[in-house]
1. Give, as residue ranges, the strands (runs of 3 or more DSSP E) completely inside region 128-242 that count at least 3 residues that are not small (G, A, S).
2. Residues in region 62-89 that are more than 16 Å from the ligand (Cβ to nearest atom) and within 22 Å of the chain's Cα centre (by Cα): how many?
3. Residue by residue through region 135-184, note down the ones that are closer than 25 Å to L92 by Cβ, β-branched (V, I, T) and touching a Ser or Thr at 6+ places or on another chain (Cβ under 9 Å).
4. Give just the number: which of (1) under 26 Å from R199 (Cα atoms); (2) free of Cβ contacts under 8 Å to residues at least 60 places away in the same chain; (3) exposed (fewer than 15 other Cβ atoms within 10 Å of the Cβ) does N101 not satisfy?
5. From (1) on the phi < 0 side of the Ramachandran plot; (2) hydrophobic (A, V, I, L, M, F, W, C); (3) at pLDDT 90 or above, pick out the condition that doesn't hold for I70.
6. Could you grab me the full set of residues in region 1-27 that are within 13 Å of the ligand (Cβ to nearest atom) and either touching a strand residue (DSSP E or B) at 6+ places or on another chain (Cβ under 8 Å) or polar (S, T, N, Q) (or both)?
7. Residue by residue through region 53-82, note down the ones that are surrounded by fewer than 16 Cβ atoms within 10 Å (Cβ to Cβ) and of a type in the set (D, E).
8. Counting just the residues of region 83-95 that are exposed (fewer than 15 other Cβ atoms within 10 Å of the Cβ) and free of Cβ contacts under 8 Å to residues at least 40 places away in the same chain, which one comes out farthest from V38 (Cα to Cα)?
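The values are calculated or read from the model by the stated rules, or taken from the named source; none is laboratory data. Computed from a prediction, not measured in an experiment: that's the story for all the values here. Here the Cβ positions follow ideal geometry from the backbone for every residue, glycine too, while neighbour counts run over all protein chains shown.
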Amino acid sequence: MQLTDREFQLISSLVNKICGITLGEKKRSLVAARLQKVLLSGGFGSFQEYYEYIIQDTSGEALLNLVDQISTNHTYFFREKEHFDFLINVALPGISEEQRNTGRRKVRIWSAGCSSGEEPYTLAMILKEYLGGNSLHMDAGILATDISFSVLETAMAGIYPADKMLQVPISYRQRYFSPLKDGNWAVKQCLKDMVLFRRLNLMSREFRFKGLFQVIFCRNVMIYFDKATRRELIEKLHRYTEPGGYLLIGHSETLDREAGLYKYIKPSVYKKI
Ligand SMILES: C[S@@+](CC[C@H](N)C(=O)[O-])C[C@H]1O[C@@H](n2cnc3c(N)ncnc32)[C@H](O)[C@@H]1O
């Protein structure tokens, strides 16, 4: 089925309005290919017909399905490992030191745009290893959010095929995963207990969290956002970062330094000032 200029424009501005993703001309064939299946299975005669169906669907489900098709969910365990090294060598020792001085016991990390769960489960493994025996006395938790229901379902199920496990060190695999008869691996309950999955659109005006986070991972989410959307999101993330806390973004992303909200620490690592 042909995706006309007008149809591409209608669909891309809808996607942009809803989730901030900018679909440039280069993404046109990707959009056509991904939506082709939806059009066929839904019996739509054209992209225009599909578009009208989405905007008339008051349940919002059709719109969510569109976002699911369009967003890129690629992720893997221990992606951009330097960030986890930074957590172990800098951020967590800083938090422990502060907690020794104040008697506080809370560690809160947010994985914003968590996709199918590999990022928050990696964080959970790092936290467990770092806190070791102390984890019993430390209230450590990870909030993991995404706009897409389908990736969240996978994340909550916590079952991954063997090829996804290649990046997980063997000792961690043994401690935090159970092999299943069909060759897949299941995340153990002790890890699942540390992660709270929730659906959240980062474009929402307010996030309404009760507390602040010491560390926010928002990696490989903003790549497709335009400059204004990125700036708005950074301002919101800043509001929910504890003073002295960190924001980590993807290595191929940049933060508008003129905004002056975060202090640059090193590529893709920023500190709230
Ligand atoms: C490429 S994945 C990155 C996953 C992980 N952070 C990583 O770096 O491996 C991007 C994720 O951002 C999510 N996303 C895109 N736009 C979003 C929005 N407006 N609100 C929340 N999540 C969004 C997508 O659904 C997708 O799961």
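1. Details: elements: 139-146, 177-179, 185-187, 195-199, 213-218.
Once the strands (runs of 3 or more DSSP E) in region 128-242 are filtered for at least 3 residues that are not small (G, A, S), what remains is 139-146, 195-199, 213-218.
2. If we filter region 62-89 for residues that are more than 16 Å from the ligand (Cβ to nearest atom), which is where we start, we get 62, 88-89.
Narrowing further to those that are within 22 Å of the chain's Cα centre (by Cα): 62, 88.
Residues in region 62-89 being more than 16 Å from the ligand (Cβ to nearest atom) and within 22 Å of the chain's Cα centre (by Cα): 2 in total.
3. Answer for region 135-184, where residues must be closer than 25 Å to L92 by Cβ, β-branched (V, I, T) and touching a Ser or Thr at 6+ places or on another chain (Cβ under 9 Å): I142, T145, V168.
4. (1)
5. (3)
6. Those that are within 13 Å of the ligand (Cβ to nearest atom) and either touching a strand residue (DSSP E or B) at 6+ places or on another chain (Cβ under 8 Å) or polar (S, T, N, Q) (or both): V15, N16, G20, I21, T22.
7. Those that are surrounded by fewer than 16 Cβ atoms within 10 Å (Cβ to Cβ) and of a type in the set (D, E): D57, E61, E82.
8. Filtering region 83-95 for residues that are exposed (fewer than 15 other Cβ atoms within 10 Å of the Cβ) and free of Cβ contacts under 8 Å to residues at least 40 places away in the same chain, the one farthest from V38 (Cα to Cα) comes out as P93.
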